[in-house]
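Worksheet for the structure shown next.
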Amino acid sequence: MSRNTIRIIILLASVLFIGLVTTQIFWVKKAFEITQNQTQHEIELALINVVQDIKDHTEDSTFLVDPVNMISPNFFRVQINEELQPFYLESMLQTEFLNREINYKFQYSIYNCFNDSIVYTKLVGNAKNTETENELEIPPSVKWDNDNHYFSVFFPSLDFEIISQMRFWVISSIVLIAVLIFFAYVINIILHQKRLSEIKNDFINNMTHELKTPISTISLASDVLMQKGIEENPERLHNYARIIKDENQRLQNQVERVLQIARLEKDELEMTKQQFDLHELIDLAVPTIEMNFGEKELKIKTKLDASNAMIWGDEMHITNVIFNLLDNAGKYGGDIPEIIIETRSLEKGIFITVSDKGLGIAKDQQKEIFEKFYRISTGNVHDVKGFGLGLHYVKTIVDAHNGKIKLNSKIAEGSQFELFFPYGTEIVK
């Protein structure tokens, strides 16, 4: 399956995921609004019945226009013509709410119609439970412009009660979202496994290519040495023997690099800590790396400004770190690589940068550059040799010294690796 096909599938799956979640949220919200409107209507009908019961009890024939007003979704104001006894009002409210199955906690308040102050207020558990709760909640402020008496009913937990009635919607939404999250997780795992498979295949291809060259060279040199009369030309014999030795050493180095990473993964890599001068290490590494590139022109500039270059660590492994960074800068630095190594002292350690003006690394690849076996994709071209182990090794060694490493890079502008090694820090084993 091609990458474009995978991208299209991921895009469609994302659109479907967002669409399903949005639709579910819409219908849950719609169901909540419908249930809320039905509940508010039932409360208004119950309060109208309470007003009618009060009028019948007091034999009041006065007609009241819209005696019940909804001030907010959970707060209702009720107009009456007579003063009320609190417990009588509470009894009627509970009776009407119970008849309409409104079993919610409510707080009723009786007001002084002259100054809108609360004369009496009480919080009732629910229509079935007459036990009064001790903690009163403050209802919204209310003002009545007429001279009539009035009371209010406040439902402090109405929204929660409505949501609790929507168990089916809530549970189905949770299940749907959980299924979608699980689906997204599975897709992520599949893509991750596919990526690992691609990296593994790239590693096998690179390793095959890297090992095939010295093996072929050794085979050709061996064929020459087996020719009759080769012993009569000592110089030629020596040259081919040297070729076999060099290629054999190259094979050993490649195998050792793979084994070294394996030991790192198992925490079996031995480190010998000691204090050494990082500037001296860099001064020795620069001419060596220049020699390794042979005829390729390499420009390396050093700005070793750190006032204190003495660090505590494994000199061999930190040397390998510097070598790997310089080697990468040389390989990917263009036709004539220009490399700058800088150091400066910080309060708790030494700061190092290795910069080049080469190809640069795309932003989406920078997060993976330190992963084992990862190499920047260049198609099927093997102009840059390697297994994708160098930067993983660098990151592992830096972490083992309680240090930090960071990459800054832009395409066609070059790359800069920033390293920090603390002074006198014990190595993590």
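Scanning region 10-38 for residues that are of a type outside the set (A, V, I, L, M) and without any contact (Cβ under 8 Å) to a residue 24 or more places away in the chain turns up SER14, GLY19, THR22, THR23, PHE26, LYS29, LYS30, GLU33, ASN37, GLN38. Starting from residues that are part of a helix (DSSP H, G or I) and of a type in the set (A, V, I, L, M), keep the ones in region 165-174 and report whichever is modelled with the lowest pLDDT. This residue is VAL170. Kindly establish whether PHE32 is under 23 Å from the mean Cα position of the chain (by Cα), buried (at least 16 other Cβ atoms within 10 Å of the Cβ) and assigned to a helix (DSSP H, G or I). Answer is no for this residue. Whether a residue is modelled with pLDDT of 90 or more, over 29 Å from the mean Cα position of the chain (by Cα) and outside any helix (DSSP H, G or I) was assessed, and ILE336 does not pass this test.
Selection within region 284-302: residues that are loosely packed, with under 13 Cβ neighbours inside 10 Å and not basic (Lys, Arg). The member of this set that is modelled with the lowest pLDDT is GLY294.
Say whether the condition of being basic (Lys, Arg) and at pLDDT 85 or above is met by at least one residue in region 350-368.
yes
Filtered by the rule that a residue be in contact with a strand residue (DSSP E or B) (Cβ under 7 Å, 6 or more places away or on another chain) and at pLDDT below 90, region 410-424 gives GLY414, TYR423, GLY424. Within region 339-349, the set of residues being assigned to a strand (DSSP E or B) and surrounded by fewer than 19 Cβ atoms within 10 Å (Cβ to Cβ) comprises ILE340, GLU342, ARG344, SER345. Being within 56 Å of the chain's Cα centre (by Cα), loosely packed, with under 14 Cβ neighbours inside 10 Å and modelled with pLDDT under 75 is a condition met by no residue of region 147-164. Checked against (1) crowded, with 18+ Cβ neighbours inside 10 Å; (2) not in a helix (DSSP H, G or I), MET70 passes all but a single condition, namely (1). Checking each residue of region 79-101 against the condition of being surrounded by fewer than 17 Cβ atoms within 10 Å (Cβ to Cβ), out of contact with any strand residue (DSSP E or B) (no Cβ under 6 Å at 6 or more places or on another chain), farther than 18 Å from ILE54 by Cβ and not basic (Lys, Arg) gives at least one match.
Look through region 306-318, keep the residues that are touching a residue at least 40 places away in the same chain (Cβ under 8 Å) and part of a loop (DSSP other than H, G, I, E, B), and return whichever of them is nearest to ALA285 (Cα to Cα). Looking at the filtered set, the residue picked out is ALA309.
Applying the condition of being out of contact with any Pro (no Cβ under 9 Å at 6 or more places or on another chain) and of a type in the set (A, V, I, L, M) to region 309-333 and asking which residue is modelled with the lowest pLDDT yields MET316.
The values are calculated or read from the model by the stated rules, or taken from the named source; none is laboratory data. All figures in this text were calculated on a predicted structure; none of them were measured in a lab. Quick reminder, even Gly has a Cβ in these numbers, built from the backbone with ideal geometry, and neighbours come from all protein chains shown.
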